[in-house]
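Working notes for the structure below.
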Amino acid sequence: MTAVADREAAPPGGPASGRPGQQSRGLHAALTVVRLGPVLLLAIIMAVLAVLNPLFLSPVNLGNVGLEASVVAILALGQLLVIVTAGIDLSQGSVIAMSSIFGALWIRELDLVSGWLVIPTMILAGGLAGGVNGTLFVKGKLPHPFLPTLAMLMVARGVALIVSGGQPITGMPDAVNLIGSGRIGYLPYAVVLVAVLALLVYVLLRRITWGQWIYAIGGNREAARRVGVPVDRVLISVYVFSGMCAGTAAIVVSGQTNSAYPTAGNLMELSAIAAVIIGGASFFGGRGTVVGTLVGALILGVIQNGLNLMNVQSSWQYVALGTAVVIAVELDVVRSRLETRLRVVRTEETEAGT
Amino acid sequence: MTAVADREAAPPGGPASGRPGQQSRGLHAALTVVRLGPVLLLAIIMAVLAVLNPLFLSPVNLGNVGLEASVVAILALGQLLVIVTAGIDLSQGSVIAMSSIFGALWIRELDLVSGWLVIPTMILAGGLAGGVNGTLFVKGKLPHPFLPTLAMLMVARGVALIVSGGQPITGMPDAVNLIGSGRIGYLPYAVVLVAVLALLVYVLLRRITWGQWIYAIGGNREAARRVGVPVDRVLISVYVFSGMCAGTAAIVVSGQTNSAYPTAGNLMELSAIAAVIIGGASFFGGRGTVVGTLVGALILGVIQNGLNLMNVQSSWQYVALGTAVVIAVELDVVRSRLETRLRVVRTEETEAGT
Amino acid sequence: MTTTTERAPGTVPVLEVRGAVKRFGAVTALAGVDLAVHRGEVLGLLGDNGAGKSTLIKAVTGVHQLDEGEILLDGERVAVTSPTGARNHGIEAVYQDLALFDNLDVATNLYVGQELTKPRGWRGFGWLDRKAMRRDVEERLRTLQVHLPDLKGHVGLMSGGQRQAIAVARAVAFARRVLILDEPTAALGVRETRNVLDVIRRLPEEHGISIILISHNMDHVVQVCDNAVVMRQGRVVGSTRPSPETAQDMVAMIVGATEGAATKGHQQ
Amino acid sequence: MTTTTERAPGTVPVLEVRGAVKRFGAVTALAGVDLAVHRGEVLGLLGDNGAGKSTLIKAVTGVHQLDEGEILLDGERVAVTSPTGARNHGIEAVYQDLALFDNLDVATNLYVGQELTKPRGWRGFGWLDRKAMRRDVEERLRTLQVHLPDLKGHVGLMSGGQRQAIAVARAVAFARRVLILDEPTAALGVRETRNVLDVIRRLPEEHGISIILISHNMDHVVQVCDNAVVMRQGRVVGSTRPSPETAQDMVAMIVGATEGAATKGHQQ
Amino acid sequence: ACGGDDGGGGTGDGGGDGGEEYTVAVVLKTLSSPFWLQVAGGVEDGGEAAGVEVTLAGATAETQVQEQIDKVRAAITQQVDALVVAPTQAEQLQPILEQAVAADIPVLLVDTDIEGWDGKETFVGTDNYQAGVTAGEYILEQTDTGSIAVIRGVPGNPSTDSRIDGALETIADSGIEVVADLAANSDRAEGRSVMADILQSNPDVSIVFAANDDMALGALEAIKSAGVTMEDILVIGVDGTSDAVASMTAGELDASIAQNSYDMGRTSVELAVELLEGGTIEERVDTGVTVVTQENAEEYGSQLEEQAADEDVAG
Ligand SMILES: Nc1ncnc2c1ncn2[C@@H]1O[C@H](COP(=O)(O)OP(=O)(O)OP(=O)(O)O)[C@@H](O)[C@H]1O
Ligand SMILES: Nc1ncnc2c1ncn2[C@@H]1O[C@H](COP(=O)(O)OP(=O)(O)OP(=O)(O)O)[C@@H](O)[C@H]1O
Ligand SMILES: [Mg+2]
Ligand SMILES: [Mg+2]
């Protein structure tokens, strides 16, 4: 029989030794930087753009970036909740068009150009579409939300076209225009709106039970059911929320163009989904953060803005945007590996030090 | 202590009794019909359309349906493999454009109007794009194929625009035109192509080891790795195949229009994905069939064709198509429940009978 | 056998299942099962693999709906249509597949569906009281003496035994009437198993909770169960009062070696 | 203890692990582990929950990469960088999480990665020989005597024990050099457990295969293991030759109650 | 190579003889934009005046070539008496239109010509390149120096691309410098954000030409919120939509090149009927372009209102 020595007493030791104190400090700093995660990524991209084009960092332009990213950011915040439950909402873009047209009906039909009517109508119309999505998915026992939301992508666009008669409705209330294009100093109101919404989503997702349930459902839907989470109701509410975000985005789009038009928001859901995924959420559910999502939307917005500033031709923009997205995500993969590596090294240090 | 009787000897009995023989036969027939699954669904939809419009069942129109569904069907067969591995390929539509332009370069640059050059070039170009997708996803350790294929959606479109200079290239070889618009009697060549491809995919997926591995990876990727499946290589090959399907679809599209143009195939991947999901595959991987996929593509094609025949306006078509998709999938949900129910009843019968 | 709650013969069982039938397509998992658990009783549920034990308890907790048969709580017929319903009736379970949330940390896992909030009782919209939950968790886990290196780590990354301990801790924490344990010690170490068995013995005594224990380990059954029921192929084929002497009989009943064993067990 | 393969002291071990260290971020799962298994030996690997047993065997099978340390097969250093590599070296494992394909049927599950094809050996592009596989499967399962109502049913719908039996059958079928079993009987019934223990005893004798058995059940360890190694918190804290007499010592080592126990076990 | 050969010929004539009621299928690019709704209005009025049945169809977007092909195919299956088509992509539609001709259905093209295809009966419209040239000429009338930014539609969409090309080539030899050439996918909101970015990199931009009015109006919003005075910048769109007219009336948008969409629609149907009744028609009918400016906007606007399509057309 091979006698195996009792190693309990012996210190683990190993190659990792030397001046633990100094190394540790460097390590600690490196870890802190690397753990900034997507924010770090955004900083890198912005630095590159600033070097390529000095205009990029001007306050007005940063305001533009914020304004341009705001619609995608608002959609992405709604999409985030959906994706955390392992779902998808393909209808957001069309719902922008539908809810902005519905909101604008007050103007076209009754000539009531009032933010107090138009804004809530848009949000509610979006919520309604989301409610249909959620109910079809949950109560209709459909296997995946891809189908009901794809159907809504078509239906909402159709309804927008039918109701509007294919014609834009121009002349939004001042409140809507302010949200869409107004600024406080350099800061667009739309960015303030995004910040408020992000805070709200953060609270909903991380501070109250409902958010906890969303993560639980994404992690293990069957288990959530077993421990008494009202899975169906939570899922429906998530799609309603995503629709309401589309309705909110409709306000910004209408304000930006001073009009509601039935072709608005085409395919914006793809950008929103991309933002959420770039921000580190998982399509398989249970993972995703508000900050990551905002950063994802900003990354897309920043790249787009940079390409426009440099007057890159549209066909080259496609290539550049696609490439940049891949590089950004690839950087994040490298970053998170580095983080794991650094953690292990720190553990080694600590153990060797004690 | 509560004495619980030994029930082994007692027959289970229960409410399900009566004339098992007769009931059984009815049951058996019902089960057979219900188990036809998506095919049953397609039959119902076609019956409805035939009643609404007598032109629908004319052989010419059925040929039209086949022709119109063929592009989506070809894409969907590639997408099926991807979805069975729990992936997604968003780039197919753009890859159609890119590979048709690449194929047409022989014509534009060297005036070589030959199917022997154009056709393989298109397929290879598609495979190349798929290879890039797969490699980025697998070797780049990206968390989900959504991102690389979304990037390819943009890049391939950009490349198509750049290479073509935004201009269509007209005048395809006869072979391409034949595949795209030729017919044997009423039967379009494109439908024959779909049939051949479907058979090939069926064999790959169900009869050889590679297909087995695809299902295994979709069922449990980590387990597949543990039992020695070359997961990375299989995944890459699946994206290559999906790209080659897009290249094949490019042949049909170019043949239908006698030209290659850089805006071709826009968003067709969404229809392809929808076809696969309508056909019963799961987004979470491991499930999906060739027949279901074909039926899914046909359902979409049939509905679209019916709406065109009835000259439904495009905005109403959006509404009708969306609604029809939901109804179709909902019917399938009801159908599969009925199937389970019938099976249980039959088991009861059998047990009561013996 | 440690404690034997003496009961008048007519006592109404806390939980009773009558004529339970459950079919999955062509497979008949339950072919007419009767079962009764009394207050403070620890009932062993034995049987071979695939006998239908897990299916039976899933029917009781509302995960599955019975095709036929009924469930009675304290003598009243109830329709347990969902796990939420069962939880409201005070029934908790440790499922064989554990039903954990791999993406959440230990504390969160224990409280999902029963979160502590400020203000209390605001279902869904209460502010999460994470501090209180984390405090509670540590106490709970101390009882079971599981070694968890990192309470904030995701449960998905924990070892098999750590995961099972978390699932057991969760069920023990919230059971008020009936606690169902589906092979709760299968992945547990020697000491952790001992602790869980202790808990099983203590809960009925201290809180009058009834327990159904599914186990393949005869020693454990003998140690903690007041009664044992044996299932085979979806039926109850016998019951006995577990003791070191009847252990062999139980095994015989489970395996289906001798029909007589069932009767012998009874008459004992 | 049933069989004791007598060996010259200098025999080269079939599988040896030296100084294995594995860290998961801040958690050190293995803190320098040495282990050796000889030809035809059944080695018990014991330890509390979270001791690092599963991590150790995952490192051996290439699922995890060691941060430090080396793995030797028949005295030669090998780099096991993937489970495929381990499989090629003749190492098979039943993992604690079973690693089954829930969407596939029983036969397919057994053969994924090692499909029988016509013509043989056409990796990836061979025509699946489903008939041969299905025939084989029935034979394999008969040895373990598991009751499966429907061989064509998806494994995802099977009972806990049925699933484990399938995982064990798979590993047993393909092991050529070393078979690693991570709590292989945790979910098994009485008879199935007996059969698996039989197999564990027979394989070394009949085919010279070495076995590493992870188990929390002292009875089983005593019944089938030639040697046992005890881990605690990522280290090996002792080893012993299991027998009814040393069982108590092993428990003490696992729990870490008495340091002396480890030594006592050794000196015995 | 068409299955409809035998059936198509017979009924095509029969329909005309029997009920004196012809069916003319009109397949436009899309029905979801103001421009095409205007065309549709002309088509409806033309059909009503001539007493024929008109079916209107259009793809869901100008870029959906395949959809349009399917719609033409459906019209062939229905064996209509004549086809009026506005091809989304010229050559790409040719094969299916050849099938129509083979089925004895006369084909009239509107808005977009297929150069070199003699299977068509006629072409009604002005080409987009010409509209671009007109825009260029208008710009040169106003100024021959400064810097211009052009905003394209969906990349690769031939109609919007050729508008831009026409304008750029017209001003090529002047002193006007092209400082930005970006795409905004024919979307109003994107027109705004692209313009906002252009104003960053080129604050001195003095001329903006957008390939349609929607993008021009979006660009205007960006110009307004950047605080640039309207007088300092020349903004031109194409299509002459009612929103553009309103903007010109309000003194914001400077000009829009209108392609007389209503006339295109109306004329094409009238010609189709004439053809069916045995007449001969011209090979090419130029409906011309109108340069709508702040001066004539009001007048043009009231004309638009008269010609507006019935509400249900959009449906
Ligand atoms: N959802 C399901 N669909 C189909 N068959 C099922 C399903 N759940 C269980 N079964 C089958 O029902 C039978 C009983 O399963 P159950 O899980 O109740 O067994 P068990 O007694 O708990 O066994 P074990 O001791 O192995 O856990 C088994 O044959 C199993 O394959
Ligand atoms: N992938 C991982 N990431 C982080 N921590 C891990 C990971 N895998 C295991 N651990 C941790 O490493 C330690 C050892 O785990 P391991 O699974 O090896 O224990 P074990 O001895 O098999 O326990 P059990 O008897 O419960 O199965 C545990 O504390 C566990 O939480
Ligand atoms: Mg079970
Ligand atoms: Mg383990």
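The values are calculated or read from the model by the stated rules, or taken from the named source; none is laboratory data. No experiment lies behind these values; they were computed from the predicted model shown. Cβ placement follows ideal geometry from the backbone for every residue including glycine, while neighbour counts extend to all protein chains displayed. Heavy atoms of the whole protein, side chains included, go into the accessibility calculation; ligands, DNA and RNA do not. Shrake-Rupley method; radii C 1.70, N 1.55, O 1.52, S 1.80 Å.
Just to be sure I understand: with springs between alpha-carbon atoms less than 10 Å apart, which residue in E:Met230, E:Met195, E:Met248 has the highest mean-square fluctuation in the Gaussian network model of chain E?
E:Met230
Give me the summed buried accessible area for the C-A pair, 1.4 Å probe, to the nearest 100 Å².
Working: alone 13170 and 17860 Å², together 28940 Å².
Roughly 2100 Å² of accessible surface disappears when C and A pair.
Could you tell me which of D:Ile212, C:Gln145, D:Met250 has its Cα farthest along the dipole of the protein assembly as shown towards the positive end, charges placed at Cβ (Lys, Arg +1; Asp, Glu -1), taken about the Cα centre?
Value computed over the given set: D:Met250.
I'd like the interface area for chains B and E: accessible area of each alone minus the complex, both sides summed, 1.4 Å probe, protein heavy atoms only. What is it in Å² to the nearest 100?
Details: alone 17790 and 13180 Å², together 28120 Å².
Buried: approximately 2900 Å² between E and B.
Past the 31 angstrom mark, what percentage of all C-alpha to C-alpha distances in chain A do you count? Walk me through the intermediate numbers first.
Values: 26580 of 62481 pairs.
Percentage above 31 Å: 43.
Size of the dipole of region E:201-288 about the Cα centre, Lys and Arg at +1 and Asp and Glu at -1 on the beta carbon, nothing else charged, in debye to 20? Please list the in-between numbers first.
Details: 3 positive and 17 negative charges, 36 e Å.
Roughly 180 debye, rounded to the nearest 20.
What residue among E:Asp254, E:Asp118, E:Asp45 has the largest mean-square fluctuation in a Gaussian network model of chain E, using Cα springs under 10 Å?
With Cα springs under 10 Å in chain E, the top fluctuation among E:Asp254, E:Asp118, E:Asp45 is at E:Asp118.
For chain B, set up a Gaussian network in which alpha carbons nearer than 10 Å are linked by springs, and say which option among B:Ala86, B:Ala195, B:Ala281 fluctuates the most.
Result for chain B, Cα springs under 10 Å: B:Ala195 fluctuates most.
How big is the charge dipole of region A:216-354 about its Cα centre, in debye rounded to the nearest 20, if each Lys and Arg gets +1 on its Cβ and each Asp and Glu gets -1 on its Cβ? Mind showing how you got there, number by number?
Values: 10 positive and 9 negative charges, 58 e Å.
Dipole magnitude for region A:216-354 comes out near 280 debye.
Grab the other residues whose beta carbon is less than 10 angstrom from that of E:Gln294, score K and R as +1, D and E as -1, and report the net.
Here the charged neighbours net out to -4.
May I ask you to report, in nm to one decimal and beginning with the shortest, the distances from B:Glu330 to the same position in the other copies, taking label points 7 Å along Cα-to-Cβ?
Its label point is 4.6 nm from the equivalent points in the other copies.
Compute the distribution of all C-alpha to C-alpha distances in region C:20-157, in bins of 5 Å from 0, and list the percent of pairs in each, rounded to whole numbers.
2, 8, 14, 17, 16, 14, 13, 10, 5, 1
Counting other C-beta atoms within 10 Å, and keeping those with at most 15, which DSSP coil GluC sites (Glu not before Pro) do you find in region D:165-248? The partial results should precede the final answer.
Working: sites: D:Glu192, D:Glu205, D:Glu206, D:Glu245; in loops: D:Glu245.
Sparse-neighbourhood loop GluC sites (Glu not before Pro): D:Glu245.
Evaluated at 10 °C with a viscosity of 1.306 mPa s, what Stokes-Einstein diffusion coefficient in µm²/s does region E:168-315 have when Rh comes from the Kirkwood expression over alpha-carbon pairs? Walk me through the numbers before you get to the answer.
Working: Rh = 17.1 Å.
Once the numbers are plugged in, D ends up at 93 µm²/s.
Going 7 Å from the Cα of B:Val39 along its beta-carbon direction, which residues of region B:282-318 have the amide nitrogen within less than 19 Å of the resulting point?
Residues B:288-302 fall inside that zone.
Stokes-Einstein diffusion coefficient for chain E at 4 °C in a medium of 1.567 mPa s, Rh from the Kirkwood formula over Cα pairs: what value in µm²/s?
D = 64 µm²/s.
What percent do you get for the relative contact order of chain A when only Cα pairs under 8 Å and 6+ apart count?
Numbers: 584 pairs, mean separation 117.0, N = 354.
Rounded, it is 33 percent for chain A.
Cα convex hull of region E:73-232: mean projected area in nm², to one decimal?
Working: hull surface 42.1 nm².
Quarter of the Cα hull surface area: 10.5 nm².
Can you tally the net charge around A:Tyr239? Count Lys and Arg as +1, Asp and Glu as -1, for every other residue whose Cβ sits under 12 Å from the Cβ of A:Tyr239.
Values: positive: A:Lys139, A:Arg233; negative: A:Asp89, A:Asp232.
Around A:Tyr239, the charge tally is 0.
Add +1 for every Lys or Arg and -1 for every Asp or Glu among the other residues with Cβ under 11 Å from the Cβ of D:Arg177, and state the total.
Working: positive: D:Arg39, D:Arg87, D:Arg176; negative: D:Asp74, D:Glu92.
Residues near D:Arg177 contribute +1 overall.
Once label points are set 7 Å from the Cα along Cα→Cβ at both A:Arg337 and C:Ala257, what is their separation, rounded to one decimal in nm?
About 5.7 nm, to one decimal.
Using the heavy atoms of the protein chains alone and a 1.4 angstrom probe, what is the accessible area of the protein assembly as shown per residue in square angstrom? Working shown, then result.
Details: 56270 Å² over 1559 residues.
Using a 1.4 Å probe on heavy atoms only, each residue of the protein assembly as shown averages 36 Å².
Measure nothing but the geometry: give the 0 to 90° angle between the long axis through the Cα atoms of A:189-206 and the longest principal axis through the Cα atoms of chain A, rounded to 10°.
With rounding to tens, the tilt is 50 degrees.
What accessible area, in Å² to the nearest ten, does a 1.4 Å probe give for E:Asp204?
The accessible area comes out at roughly 110 Å².
Taking D:Arg142 in one copy and the same position in all the others, each labelled 7 Å out along Cα→Cβ, what are the pairwise distances from the first, in nm, shortest first?
Output for D:Arg142: 5.8 nm, nearest copy listed first.
Pulled fully out, how much extra length does the chain show between E:Gln142 and E:Glu306, if you take 0.36 nm times their separation in residues and subtract their Cα-Cα distance? Walk me through the numbers before you get to the answer.
Working: separation 164, 0.36 × 164 = 59.04 nm, distance 3.08 nm.
Additional length available on full extension: 56.0 nm.
Along the charge dipole of chain B, pointing to its positive end and built from +1/-1 on Cβ of Lys, Arg, Asp and Glu, which listed residue (B:Asn258, B:Ile123, B:Thr170) has its Cα farthest out?
B:Ile123
For a quick size check, give me the Cα extents of region A:63-109 along its three principal axes, largest first, whole Å.
40, 30, 12
Tell me which residues come under 5 Å, amide H to amide H, from D:Phe24 once H is placed; ignore anything under 5 positions away on its chain.
Under 5 Å from the amide H of D:Phe24: D:Ala29.
I'd like the projected area of the protein assembly as shown, averaged over all directions, using the convex hull of its alpha carbons. Report it in nm² with one decimal. Let's see the in-between values first.
Values: hull surface 242.1 nm².
Taking a quarter of the hull surface, the average projection is 60.5 nm².
Spin-label point model (7 Å from Cα, Cβ direction): what's the D:Arg202 to B:Ala195 distance in nm?
Distance between label points: 5.3 nm.
Given 37 °C and 0.692 mPa s, how large is the Stokes-Einstein diffusion coefficient of region D:169-240 in µm²/s, with Rh as the Kirkwood radius over Cα pairs?
Working: Rh = 13.0 Å.
So the translational diffusion coefficient is about 253 µm²/s.
Of the options B:Leu80, A:Leu267, E:Ala103, report the single residue whose Cα projects farthest towards the positive end of the charge dipole of the protein assembly as shown (beta-carbon charges: Lys, Arg +1; Asp, Glu -1).
B:Leu80
Using helices alone, I'd like the mean residue ellipticity at 222 nm for the protein assembly as shown: each DSSP H run of four-plus residues gives -39500 (n - 2.57), total over residue count, nearest 500. Present the calculation step by step, with values, prior to reporting the outcome.
On the way: 58 runs with 856 residues, N = 1559.
Taken over the protein assembly as shown, the calculation gives -18000 deg cm²/dmol.
Taking the Cα centre of the protein assembly as shown as origin, sum charge times position over the Cβ atoms of Lys and Arg (+1) and Asp and Glu (-1), and report the length of that vector in debye to the nearest 20.
9880 debye
Per residue, how big is the convex hull around the C-alpha atoms of region A:221-354? Give it to me in cubic angstrom, could you?
Numbers: hull volume 24.6 nm³, N = 134.
Value for region A:221-354: 183 Å³ per residue.
Given 0.36 nm per residue, what is the gain on full extension from C:Leu151 to C:Arg130 after removing their alpha carbon distance, in nm?
Values: separation 21, 0.36 × 21 = 7.56 nm, distance 1.28 nm.
Here the answer is 6.3 nm.
Kirkwood Rh, Cα Rg: Rg to Rh for region E:75-115?
Values: Rg = 9.6 Å, Rh = 10.2 Å.
Computed over Cα atoms, the ratio is 0.94.
Taking all protein chains as present, what is the carbon and sulfur share of the accessible area of region D:115-178, in % to the nearest whole number, probe 1.4 Å?
Working: 1760 of 3440 Å².
About 51 percent, which is the carbon plus sulfur part of the accessible surface.
For a quick check: with amide H placed at 1.01 Å from N, whose amide H comes under 5 Å from C:Leu46's, ignoring anything fewer than 5 positions away on the same chain?
C:Val229, C:Val230, C:Met231
On the accessible surface of region A:47-184, probed at 1.4 Å, how many percent belong to carbon and sulfur atoms? List each step's numbers first, then the result.
Numbers: 3160 of 4250 Å².
Here it works out to 74 percent.
Quick one: 3J(HN,Hα) in Hz for region B:42-54, Karplus 6.51/-1.76/1.60 with θ = phi - 60°, rounded, Gly and Pro as x.
Calculated HN-Hα couplings, in order: 4, 4, 4, 4, 5, 4, 4, 5, 4, 5, 5, 9, x Hz.
Counting pairs of alpha carbon atoms under 8 Å apart in space and at least six apart in sequence, what relative contact order in percent does region D:142-268 give?
On the way: 140 pairs, mean separation 21.4, N = 127.
Relative contact order, region D:142-268: 17 percent.
State, to one decimal in nm², a quarter of the convex hull surface area for the C-alpha atoms of region E:85-153, i.e. the direction-averaged projected area.
5.8 nm²
Which values, in whole Å and largest first, are the semi-axes of the equivalent ellipsoid of region C:141-268 obtained as the square root of 5 times each eigenvalue of the Cα gyration tensor?
Values: eigenvalues 192, 49, 30 Å².
Ellipsoid half-lengths, sorted descending, are 31, 16, 12 Å.
So which residues in region A:186-223 end up with at least 50 square angstrom less accessible surface once the other protein chains are there, compared with the chain by itself, probe 1.4 angstrom?
SASA drop of 50 Å² or more in region A:186-223: A:Arg207, A:Ile208, A:Thr209, A:Gln212, A:Trp213.
Output wanted: per-residue J couplings in Hz (rounded whole) for region A:133-140, from phi through Karplus 6.51 cos²θ - 1.76 cosθ + 1.60, θ = phi - 60°, x for Gly and Pro.
Values, residue by residue: 3, x, 5, 4, 5, 7, 6, x Hz.
Work out which residues of region A:234-281 lose at minimum 20 square angstrom of accessible surface when the other protein chains are put back, relative to the chain isolated, with a 1.4 angstrom probe, and list them by number.
Buried on complex formation: A:Gln256, A:Thr257, A:Asn258, A:Tyr261, A:Thr263, A:Leu267, A:Leu270, A:Ala274, A:Ile277.
Which log10 I(q)/I(0) values does chain D give at q = 0.09, 0.11 Å⁻¹ under the Debye formula, counting every alpha carbon as one identical point scatterer?
Debye curve over Cα of chain D, log10 I(q)/I(0) at q = 0.09, 0.11 Å⁻¹: -0.41, -0.62.
So what is the relative contact order of region C:110-206, in percent, for Cα pairs below 8 Å that sit 6 or more residues apart?
It comes to 24 percent, rounded to a whole number.
Between chains C and D, what is the buried accessible area in Å², counting both sides, with a 1.4 Å probe and ligands, DNA and RNA left out, to the nearest 100?
Numbers: alone 13170 and 13180 Å², together 24170 Å².
Roughly 2200 Å² of accessible surface disappears when C and D pair.
Report the accessible area of D:Lys118, computed with a 1.4 Å probe over the heavy atoms of all protein chains in place, in Å² rounded to the nearest 10.
Number for this one is 110 Å².
For C:Lys58, which lysines qualify as cross-link partners when the Cα separation must be under 22 Å and same-chain residues fewer than eight apart are set aside?
Within reach: A:Lys141, C:Lys22.
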